[in-house]
Amino acid sequence: MTYSDDTQTLLLLVIFAFASLLHGISGLGVTLVTTTALASIYPLPHAIVLVIFPSLLLNAMTWLTGGGRSIWQNFTYYGRRYWLLALTSLLGSILGAKLLLWVDSAYILLLLAAVIAFYVATAVLGKQIRLPNTKPVLIIVGVSAGIIGGSTNAMSTVLMMYLLSASDDKNTLAKVGNMCYLLGKIAQIIVLREPIMALSNVEWQLIALLSGISVVALLVGIRLRRYLPPARFRQLILLILTLLGLRVGWQGFMGLL
């Protein structure tokens with residue numbers, strides 16, 4: 001491995017550790033921050049592939065912890081109540097992941113920049129958009145969230161607008177959200193199996209390192225949450241996302257010229 005490879009590996013480890021630490025403290029942003037940061041370094045499909053497994057692991061940790069239920073009870077309890085949302089988000093994620101293979105990455109980068117702009121704007125304004133809790137809205141949101149999540153890893157920006165109207169319970173929001181995120185990752189793995197299988201042993205070792213450091217940093221962040229003001233770190237994440245969003249938006253714009 002060359003010095004340049006070592007430097008790039010160190011940069012990726014810092015990005016994932018920092019994003020996971022902030023997520024542990026504030027509860028926001030690890031997948032979106034890492035995806036957007038890596039999209040500034042790699043082609044977007046390759047960035048998505050590198051993020052899949054660390055984010056899958058973190059989503060699984062959130063799914064398995066808390067709530068007082070076993071893994072099977074979680075799937076049956078939330079799956080029985082939100083199966084249609086899970087199904088539509090899965091189908092949307094399959095389509096979204098296929099867009100990475102079908103569509104010029106410049107358009108996907110512009111979509112990612114637009115989603116980040118929406119995410120940051122709603123957070124800064126402090127307004128949580130709630131959509132009507134009806135079946136047609138559920139289907140539209142599930143498919144739309146899946147498409148956006150499959151292609152940009154930003155499913156939560158759309159999904160939460162429906163979940164906030166469906167339940168006020170924070171545990172339900174986290175469990176149902178992560179159920180859909182997990183299904184979205186599975187969809188990405190299925191659709192992007194060829195790029196995944198083409199990864200070298202060095203890249204698999206890198207993914208293992210990124211996954212490990214993400215888990216450790218997340219747990220440290222969760223511990224620090226009781227001593228540090230989460231609101232300040234949410235503001236830091238929004239600032240980072242704004243800068244990264246401007247960068248990928250400019251990349252997308254230049255890619256169309």
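Under the definition of Cα pairs under 8 Å and six or more residues apart, what whole-number percent is the relative contact order of the chain? Over the chain, the number comes to 38 percent.
Past the 22 Å Cα-Cα mark, which pairs from Lys98/Lys175; Lys135/Lys175; Lys98/Lys185? From the list (Lys98/Lys175; Lys135/Lys175; Lys98/Lys185), the Cα-Cα distance tops 22 Å for Lys98/Lys175.
In a simple Cβ point-charge model (Lys, Arg +1; Asp, Glu -1; nothing else charged), the chain has a dipole of about 980 debye relative to its Cα centre. Sorting 10-23, 120-133, 179-192 by average packing, meaning the other beta carbons within 10 Å per residue, from highest down gives 179-192, 10-23, 120-133. Using the Cβ-Cβ distance between Ser167 and Gln235 with R0 set to 25 Å, the FRET efficiency works out to roughly 0.40.
Here the 3J(HN,Hα) profile of the range 75-91, calculated from phi with Karplus coefficients 6.51, -1.76 and 1.60 at θ = phi - 60°, is 5, 6, 5, 7, x, 5, 8, 10, 4, 5, 5, 5, 5, 5, 5, 5, 5 Hz, Gly and Pro shown as x. Residue exposure proxy: Thr157, Thr152, Thr62, ordered by other Cβ atoms within 10 angstrom of their Cβ from fewest to most, comes out as Thr62, Thr157, Thr152.
Bear in mind these aren't lab numbers, they're just calculated from the coordinates by the rules spelled out. These figures come from a predicted structure and were not determined experimentally. All Cβ positions, glycine included, derive from the backbone under ideal geometry; neighbour counts span all protein chains shown.
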